[in-house]
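Nothing in this text is a laboratory measurement; each read-out follows from the coordinates by a stated rule. Just so you know, these numbers come straight off a predicted model, no measurement behind them. Please note: Cβ atoms are built from the backbone with ideal geometry, for glycine as well, and neighbour counts cover all protein chains shown.
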Amino acid sequence: MNEKLQFQLRAQISQMDSISTAPAILMPLLEMLRLPSDRISLEKVVELISYDGAIAAQCLRLANSPLFGRRQTETVRAAVMALGLERVRSMLFGLCVNRVMPQDKWVIPPDAFWRHSLGCALVTQRMANKIEYPEPEKAYLAGLLHDLGFLVNSVLYTDGFRECLRLAAEQHLALHVVEEQVLGFSHCDAGQMLCEHWGLSKELVDAARCHHDVCLLPKAGPLACLVHLSDLLCRVRYLGYGYEEFMGVDLGGDAAWQALVRSYPALEHMDLVRFTFDIDGAMDQIVATVDAVFGAKTMTAPASG
Ligand SMILES: [Fe+2]
Ligand SMILES: [Fe+2]
């Protein structure tokens with residue numbers, strides 16, 4: 001990405017109305033996201049949710065869904081306790097982003113975007129647990145947020161990004177490769193800038209910036225490597241961006257995998273085939289969570305153009 005384009009994109013992001021003017025709940029939420037999970041206050045979360053009727057309703061709806069045994073949860077506090085802070089934190093973020101994204105600007109169908117993001121979050125966290133990464137919640141968050149740059153490209157470069165998706169789908173190519181060719185930058189650059197603009201931690205910024213770049217990954221740290229691998233696994237298990245990619249994945253030969261194995265030798269003995277079966281088993285839960293959070297409306301988004 002050349003310097004002029006970088007400067008221009010950064011300026012556009014800081015002035016971008018829809019995403020810069022986030023709902024009132026988003027900034028305090030981002031403050032909270034920076035804290036380790038054991039320092040997040042339940043009372044504060046309940047307070048934040050209670051400010052916003054629509055979000056409180058979603059929270060109750062999810063807590064009362066079959067995923068959580070259809071409990072009779074009637075207060076925000078009980079709903080938060082039933083769901084667990086981590087799940088609530090991720091759900092709140094999803095709802096906020098869904099709200100700041102103008103409905104007519106979605107290029108990737110929203111249900112595909114959320115399935116991919118939630119899928120990556122889950123897989124990243126599972127891998128993090130496997131390697132005993134000290135902050136698995138942060139890993140979840142990194143997976144959840146890694147493709148935020150798609151939202152920037154959807155809002156700022158709607159037509160160009162639509163063309164990227166059309167070409168990528170037609171030729172079964174990775175979207176970031178086509179973005180580079182058509183726009184001169186990818187959602188990784190845009191995501192990096194949005195994460196910086198929102199004041200997210202350096203590790204989250206790096207995961208957004210480097211997750212498709214095998215040259216940068218070995219130096220970017222374990223979180224970015226985990227996100228890269230989770231992204232590949234999700235895309236190969238039909239949790240991509242709503243079209244079929246022709247891609248061969250050789251995890252063992254992947255630069256990010258090799259970098260991780262150097263730091264976490266336990267990975268060397270991991271049964272990759274079994275691990276991907278595990279992920280398949282979790283997909284039903286992912287899809288059910290997306291249904292419960294976003295409802296049927298986003299699940300019937302128009303096919304990508
Ligand atoms: Fe990506
Ligand atoms: Fe991704």
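Of F68, F185, F246, F161, the sequence from fewest to most neighbouring Cβ atoms within 10 angstrom is F246, F68, F185, F161. Were the residues from E3 through V249 laid out at 0.36 nm apart, the gain over their Cα-Cα distance would be 85.3 nm. Take segment 103-299, drop everything but the C-alpha atoms, weight them equally and run the Debye formula without solvent; then report log10 I(q)/I(0) at 0.19 Å⁻¹ to two decimals. Debye output, listed in q order: -1.46. In terms of other Cβ atoms within 10 Å, C120, C96, C164 run from fewest to most in the order C96, C164, C120. For segment 82-95, 3J(HN,Hα) computed residue by residue from phi via the Karplus equation (6.51, -1.76, 1.60; θ = phi - 60°) reads 5, 7, x, 4, 4, 5, 5, 4, 5, 5, 4, 5, x, 5 Hz, glycine and proline entered as x. Each of S263 and E43 was given a label point 7 Å from its Cα along the Cα-to-Cβ line. The distance between the two points is 3.7 nm. Are any of the pairs K4/K219; K138/K202; K138/K219 more than 22 Å apart by Cα-Cα distance, and if so, which? Pairs exceeding the cut-off: K4/K219. At an R0 of 51 angstrom, the distance between the Cβ atoms of M270 and E74 translates into a FRET efficiency of 0.75.
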